[in-house]
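Below is one structure, written out as structure tokens, with a few remarks after it.
Bear in mind that the values in this text are calculations on the coordinates, not laboratory data. Owing to the predicted nature of the structure, the values given are computational and were not obtained by experimental measurement. Here the Cβ positions follow ideal geometry from the backbone for every residue, glycine too, while neighbour counts run over all protein chains shown.
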Amino acid sequence: MSKIVQVVNTMLNNPSKITNVQKKQDVILFNYLHEQLWGIFKQDNDHIILSIYPQKDLPITVKDLVNMDDLDWKLTPPISIAYSSESLKESAALESFTELYKVIIEKLYGIDDIFDEIIQDGQTM
């Protein structure tokens, strides 16, 4: 199993460490472990692109990227390293990337909180 699939599976096992989820056009940006900046995007062919934005020399936040002008994004995009579920020749890659995308979407729209509220309501009956 490739290292990136192991990383994705670790994120899936620790969804509470996925924070600050915000959307910039078609890319959903998020932090993992509070500072690691990531982006995830679903292509028309249902494959997932997962990008990490290294923070070594120039710290950048989710808010910085969300507020970046679209023209600036195209002319001088932030440095990122992208991984595609399509290019990884592992059956686990598409499954793991798709599941992570689902988790991120649920966090973006607050679905997890809604589910928790419904479950708590059901337990008080």
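Below are the figures for this structure:
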quantity	calculated
Hits in the stretch 81-125 (condition: in a strand (DSSP E or B) and under 14 Å from D46 (Cβ atoms))	S84
Subset of the stretch 1-28 [loosely packed, with under 13 Cβ neighbours inside 10 Å and in contact with an Asp or Glu (Cβ under 9 Å, 6 or more places away or on another chain)]	M1, Q25
Residue selected from the stretch 75-101 under the condition surrounded by fewer than 14 Cβ atoms within 10 Å (Cβ to Cβ) and free of Cβ contacts under 8 Å to residues at least 12 places away in the same chain, by the criterion nearest to W38 (Cα to Cα)	P77
Of all residues making up the stretch 29-46, the number that are surrounded by 15 or more Cβ atoms within 10 Å (Cβ to Cβ) and more than 19 Å from I79 (Cα to Cα)	1
